[in-house]
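This report concerns only the one structure given below.
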Amino acid sequence: MRSSFAVLCLNLACVALLPAKTVVFWQEGFPTVASQPVTRDALVQALADADTAFTGIEGLKDPAALAGASLLVLPYGSAVPVGAWSAIQGYLRAGGNLLVLGGQPFRVPVRLVDGKFVQGVAQDSYAREFGIQHTYVAPQQGAAKFEWRDGYSFLRAPAIRAQRFFVLEGRFNGLGYMVNSEGLKGAAPVVVSDRAAGGGGRGGAGEGVAGAGAAGAAAGVVGGRGPGVSGGRGGAAAANSRAVLLDFEPAAGYWDSADGISLIHETAAYARQGPITLTLEMPFSTVMPEETPRVRIHLRGGRRELTGEVKVELFSGAAVLETLRAPCSGTAVDAELAFRKAYPPGFYTVRGVWEENGQGREAYYNGLMVEDRKLLTSGPALGAKGDFLTRDGKPFFPVGANYFSTEANGWDFAGPRNAWIWERDFAEMQRYGVNFIRTGVWSLNARQLDAANKGATERFLRNLEAFLLCARRHNIIVNWTFYAFTPNPVDPSKPPSQPPPAPADPATAAPAQIAAAGAGRGGRGGAPPAPPQPNVYLDPASVKTELNYVLSIVNRFKDLPFLCWDLINEPSFANPNRLWTGNTPNGDPAELDLWHVWLAKTYGGIEALASAWRVTPDSLGSFDRVPLPTIAQLTFGRYQNVGMARASDY
């Protein structure tokens, strides 16, 4: 009796140590689509560390079935149980975690018709609920082996034997990749989507492909911060949830093999963990040789109480130079740690791993440049000779692309950036023959400018220097673009959180301004938007800010032979409400005043102006009453455009 009681207590203790229950959708006769069948025994073995319940369609309809579940497993590939859709949808919207085994997730609806399960037409309707815009078969690839995302070697890496891989369009990250003999990441047979309440989802490749496509699919999977809501368009927000999708069709019998069971076990544990995010932020991506580098740790646990520690290692090549540790408690950890000493010029990798009881849970890589002025001011010299660009005096044919970063939201040099991703991407570009890239700022804002000197902030300049050093290490010429289409009005003295002043309300704007602005982008249809204030080309304060911004960058990097400048990506002078439609008045007071001054200086008297324009002096009155030309007057036409002379003068 005493022995039986002891066994009972031990069994209860073991149950108490298991995580919250895992629910497996399990229905006799339900079809497996674009995957392979998995046996119940294989799932029991793979999920042995959880309190697992197998539940069918009718069972899932009972609210108690998924109440308190830490994970829902759908093992039938692309097949969607339509009869239980509302229950699945409600569970995920409430923050439940998900693991899908094989196929194109939520692609094929399956209904029970006359006692038989019938597959419907493949569609994106259900998948869009979770931010999957579309899926398709990945291009066939050669021999490759499966590897986890960089830094996640603490997960056991099984072999993957697949007939097909799929591509998911949306905001997802590759958690594991097929890597060829050259080290190039191709298909991603394990993808993850984190949706964390209040923002701070995992950063990634941005809205595009997660599943195939070398740099595009692999890019940024350990860098930056992604969206905090459902990825893509049309998905429902789900707070504090994680979905892990095994988007491939395995070989026959794979799920029941040791490799298949191991893959299910590892991905189930990762999904059950929820959307815990770890990032490492470098205050400056470049430090001076005499400066001691620092690192900021950000760990978010969602609803989970964090334990363990974050271990941060500083690498030079493969050698670990220093190790720092930050203890974890609560649901969020924010810590800034200093390394022990300064380091000589070069590139350094910073790796962080969140560990519980010695087991890695999440990882993150960043990078650090220690300034190498000699390297920075050397390298290939871009020039021009006649009709040709030159590189070191020889004709040069650029091969390249626009490039900012392959991390999510990587356009802003003033914010936290990831030099590890830059270094990795530039190395890959060099490997495949890229010799020229264009980068820059597409939308300047007050956060990027220093309120004291009105130029770019020191963080902006240090981050840009790291970017340029990465390019220089791989002999890639850089073109820097200062603006996208026109300079935008920015007041550096205002707090960064405040947007630029709103333009005047069209209902109350002066008639001359409305006429000058035109109707929409092409001057056709709808009420014209009010012209922006101030005029970024004529307002003295705006021009001064623009000069300070441009010169702060040019003066800092003027000695780099491999760097060239582009003032505006796609230039459009004058009214930014009418891009690429010709020289159009802005209609603001500064422009109007200068227009009047120019007319008076050019014609001397109102009679001379009236004669040139073939109008009566009385119709003009005085110079300070002459309006800017309208959109109609600026439109070329042979007949009845009496304002063409006015337009010509403008």
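The values are calculated or read from the model by the stated rules, or taken from the named source; none is laboratory data. Note that the structure is predicted; figures quoted are calculated from it, not measured. Glycine gets a Cβ as well: all are built from the backbone with ideal geometry, and neighbour counts include every protein chain shown. In case anyone asks, the SASA skips ligands and DNA or RNA and just uses the protein heavy atoms, side chains included. Shrake-Rupley method; radii C 1.70, N 1.55, O 1.52, S 1.80 Å.
Please sort by residue number the GluC sites (Glu not before Pro) in the stretch 246-334 whose DSSP state is loop and whose Cβ has at most 10 other Cβ atoms within 10 Å. Intermediate results must be reported in sequence, preceding the final value.
Working: sites: Glu266, Glu281, Glu290, Glu291, Glu305, Glu309, Glu313, Glu322; in loops: Glu290, Glu291, Glu305.
When the GluC sites (Glu not before Pro) of the stretch 246-334 are filtered for loop state and at most 10 Cβ neighbours within 10 Å, Glu290, Glu305 remain.
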Leaving out ligands and nucleic acids, note down the accessible area per residue over the stretch 68-133 with a 1.4 angstrom probe, in whole Å².
34 Å²
Mind checking which aspartates and glutamates have their Cα closer than 12 Å to the Cα of Lys454? Skip sequence neighbours fewer than 8 apart in that chain.
Asp491, Glu546
In 10 Å bins starting at zero, report the fraction of Cα pairs in the stretch 34-185 per bin as a rounded %.
9, 33, 38, 17, 3, 0
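With r defined as the distance between the Cβ atoms of Ala612 and Trp411 and R0 fixed at 45 Å, what FRET efficiency is calculated, to the nearest 0.05? Intermediate results must be reported in sequence, preceding the final value.
Numbers: r = 48 Å, r/R0 = 1.06.
So, using R0 = 45 Å, E works out to roughly 0.40.
Of the peptides 467-479, 618-630, 98-110, 451-463, how do they stack up when ordered by the mean number of other Cβ atoms within 10 Å, highest first? Don't jump to the answer; show the numbers that get you there.
Numbers: 467-479: 22.0, 618-630: 15.2, 98-110: 24.6, 451-463: 19.0.
The peptides rank, most packed first, as 98-110, 467-479, 451-463, 618-630.
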I need the trypsin sites (Lys or Arg not before Pro) found in the stretch 323-359, filtered to DSSP loop residues with at most 15 other beta carbons within 10 Å of theirs.
Arg340, Lys341
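Quick one: pull the percent of accessible area on the stretch 382-486 belonging to carbon and sulfur, 1.4 Å probe, ligands and nucleic acids left out. Could the numbers behind the result be given before it?
Values: 2300 of 4190 Å².
The C+S portion of the solvent-accessible surface of the stretch 382-486 is 55 percent.
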Can you list the trypsin sites (Lys or Arg not before Pro) in the stretch 133-181 that are in a DSSP coil and have 12 or fewer other beta carbons within 10 angstrom?
Arg156
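Using a 1.4 Å probe on the protein heavy atoms, what percent of the accessible area of the stretch 537-593 belongs to carbon and sulfur?
Numbers: 1620 of 2610 Å².
The computed percentage sits at 62.
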Just grab the label-to-label distance for Glu290 and Ala427, each label 7 Å out from Cα along the Cβ direction, in nm (one decimal).
3.2 nm
In nm, spacing of pseudo-spin labels at Lys21 and Ser153 (7 Å Cα→C-beta vector):
4.0 nm
With the other protein chains left in place, how much accessible area per residue, in square angstrom, belongs to the stretch 293-333 at a 1.4 angstrom probe?
47 Å²
Step through the table entries Lys394/Lys558; Lys116/Lys145; Lys374/Lys544, compare each Cα-Cα distance with 28 Å, and write down the pairs that go over it.
Lys116/Lys145; Lys374/Lys544
Accessible area expressed per residue, the stretch 351-437, with surrounding protein chains retained (probe 1.4 Å, Å²)
46 Å²
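Give me the extension gain from Val121 to Asp49: residue separation times 0.36 nm, minus the current Cα-Cα distance, reported in nm with one decimal.
22.2 nm
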